[in-house]
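The values are calculated or read from the model by the stated rules, or taken from the named source; none is laboratory data. Just so it is clear, the model here is predicted, and its values are computed rather than measured. Backbone-built Cβ (ideal geometry, glycine too); neighbour counts: all protein chains shown. Just the protein is used for accessible areas: all its heavy atoms, side chains included, with ligands, DNA and RNA removed. Shrake-Rupley method; radii C 1.70, N 1.55, O 1.52, S 1.80 Å.
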Amino acid sequence: MPTVARWWSSRTDPQRIDLYTRSSYYSTLVFVPVLLFFSVAPDWVTASAWQPLVLLGSSVVTTAACLVLTRRGFRDRAAGPDRQALLVALVSGLVTVGAALAVTGEAPSPAGPWVAGVLGAAVLLALSVTVPTRPLIAGAAVAGVLAGGVALVDGNPPFAAVVIATSIGVAVGFFVSAFRFSVWILDVVLEMERTRGVQAQLAVAEERLRFARDLHDVMGRNLSAIAVKSQLAAELVRRGRDGAADELADISRVAEESLREVRDVVRGYRRTDLPGELAGARSVLRAAGVAVTVTGEEQAVALPEPVQTALGWVVREAVTNVLRHSRASWCSVELLSVGGEAELQVANDGAGGTAGSWGNGLTGLAERLAATGGRLSAGPDGDRFVLAATVPVGVPA
C-alpha cells in the first residue's frame, strides 16, 4: 500500500484526473455483461440452452467493441470514433437485444427493455470520449425509443411502452452526460497544463531577453568605439601619420573596460543581491501564472553580502524548481532574521516527490550552504512543498 501511495503522490493532477477518467470508463463497460447476466437470469428457466449463450457472447462482443472505441478515443481525441468498432458494437448490441427477447419468451418482461437501455448506454458511453453532448442526448433519445419498441414487441401495452421509453431515455441521457462532463473536465485540465508550460517557457525567455538586453547595453557602445578606433588607427598607419599609437592605447583601454563591464554583468546575473533575487522571483512567477507573495524584503537589505549571496542562490533554485518541476498555482517566499540566523522559506502548493529525494540542483545547493555553515531542507509538508534554508548572519566573506 505505501508503494501505491507513493506512486499516486508522484503523479501530477492532470495525470491523476486522466487515470481516474479512463478507469471510470473501462470499469463501467466491463461491468455491462455482468449486469445483463443478472437482469436476464430469472428468465433462463424457460429458455433453450443456446439462447443464454448467444446473449452472453454477443454482450461480451459489444463490450469489447465499446472498449476499443473508448481506448482509441482517449488515444486520439480529434480523430473521432472508430467506425468499424462502432459498427461491431451496434450489430452485436442488436443481436443481444434479440437474444434477450428470445430468452424472456412470450410473457412481458422488463429484461428486454432493460437490456436495450443498458447496451445503448454502453455504446453512447464509448462515443462520449470524442462525441459532443448534443449528439449523445439525441442518441439517448434513440436508445429510449428502442427500449420502448422492445417493450411493445415484448407484449407491454402502449402506455407502458411509452413510460419505459421515456424513463430509459432520460436515465441514459443523464448517465452519458455525466461521463461526457468528466471528459470535458479532463480536456480543460490538460489545456491548462499546456498553457502553464507555455507560460513557464515565456518567463524563462523573458529572463534571457533581459540578460541579452543588459549585455547589449554594456557592450554596444564599447564595441562600436573599438571598431571606429581600429579603423582610424589602421588609416593613420597607412598614411604614416602620428597618433596611431594613441588610438591603439585607447582601443586597449576600451577593451579592458568592456571586459570589466561584462564581468560585472555576469557577476550581477550570477551573484545578484538578495532583494534583486526576491524581486526577480516575484516577476518571473507572476509571468508564469503563479500567484506569489514575498515577505521580508526590507530585512534582506540589512543582511551581509555573503548571506545575501547564499540566500540568493536558494531563491533562484527554488523558483527554477517551481517553474520546471511543480504544478503550483501559488508560491510564498518568506525571509526572517531570528537569533543570529537568516531563515528563508519557499512554499508552494505543487507538492510532489518524497522527502530526501533531491536532484542535482538541491544537492549542490545544500553543499553550497553547508560550506557557509547553513542548512537546507526540502520536501512535502501536507499539501505543500516547502524549501527552507538557514544561514548564520556572521558568515565570513
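Numerical summary
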item: Strands (runs of 3 or more DSSP E) (entirely within segment 334-397) containing at least 3 residues that are modelled with pLDDT of 85 or more and aliphatic (A, V, I, L, M); result: 341-348, 384-392
item: Failed criterion for Cys331 (all others in (1) assigned to a strand (DSSP E or B); (2) modelled with pLDDT under 80 hold); result: (2)
item: Among (1) without any contact (Cβ under 8 Å) to a residue 40 or more places away in the chain; (2) more than 28 Å from the chain's Cα centre (by Cα); (3) surrounded by 15 or more Cβ atoms within 10 Å (Cβ to Cβ) - the single one Glu298 does not satisfy; result: (3)
item: Condition check for Ala85: more than 25 Å from Phe38 (Cα to Cα), in a helix (DSSP H, G or I) and either open to solvent by 40 Å² or more (accessible area, probe 1.4 Å) or touching a Leu at 6+ places or on another chain (Cβ under 6 Å) (or both); result: yes
item: Ser109 being of a type in the set (S, T, N, Q) and open to solvent by 10 Å² or more (accessible area, probe 1.4 Å); result: yes
item: Filtered residues of segment 312-325 (kept if open to solvent by 10 Å² or more (accessible area, probe 1.4 Å) and of a type in the set (A, V, I, L, M)); result: Val319, Leu323
item: Segment 248-281 - residue that is acidic (Asp, Glu) and modelled with pLDDT of 75 or more and, of those, surrounded by the most Cβ atoms within 10 Å (Cβ to Cβ); result: Glu277
item: Where Ala310 falls short, out of the listed (1) in a helix (DSSP H, G or I); (2) within 22 Å of Arg384 (Cβ to Cβ); (3) among the small types (Gly, Ala, Ser); result: (2)
item: Residue count for segment 59-80, restricted to those that are surrounded by 20 or more Cβ atoms within 10 Å (Cβ to Cβ) and within 16 Å of Leu136 (Cβ to Cβ); result: 4
item: Residue under evaluation Thr309, criteria (1) touching a helix residue (DSSP H, G or I) at 6+ places or on another chain (Cβ under 7 Å); (2) open to solvent by less than 30 Å² (accessible area, probe 1.4 Å), criterion not met; result: (1)
item: Selection from segment 133-170 of residues that are open to solvent by less than 60 Å² (accessible area, probe 1.4 Å), hydrophobic (A, V, I, L, M, F, W, C) and closer than 24 Å to Ser109 by Cα; result: Ala140, Ala141, Ala143, Ala147, Val150, Ala151, Ala160, Ala161, Ile164, Ala165, Ile168
item: Among the residues listed as Ala200, Ala178, Ala212, the single one being exposed (fewer than 15 other Cβ atoms within 10 Å of the Cβ), closer than 30 Å to Thr12 by Cα and small (Gly, Ala, Ser); result: Ala178
item: Filter result (touching a residue at least 12 places away in the same chain (Cβ under 8 Å) and small (Gly, Ala, Ser)) within segment 1-31; result: Ser9, Ser10, Ser24
item: Qualifying helices (runs of 4 or more DSSP H) (wholly inside segment 1-56; at least 1 residues being open to solvent by less than 50 Å² (accessible area, probe 1.4 Å) and modelled with pLDDT of 75 or more); result: 13-30, 32-40
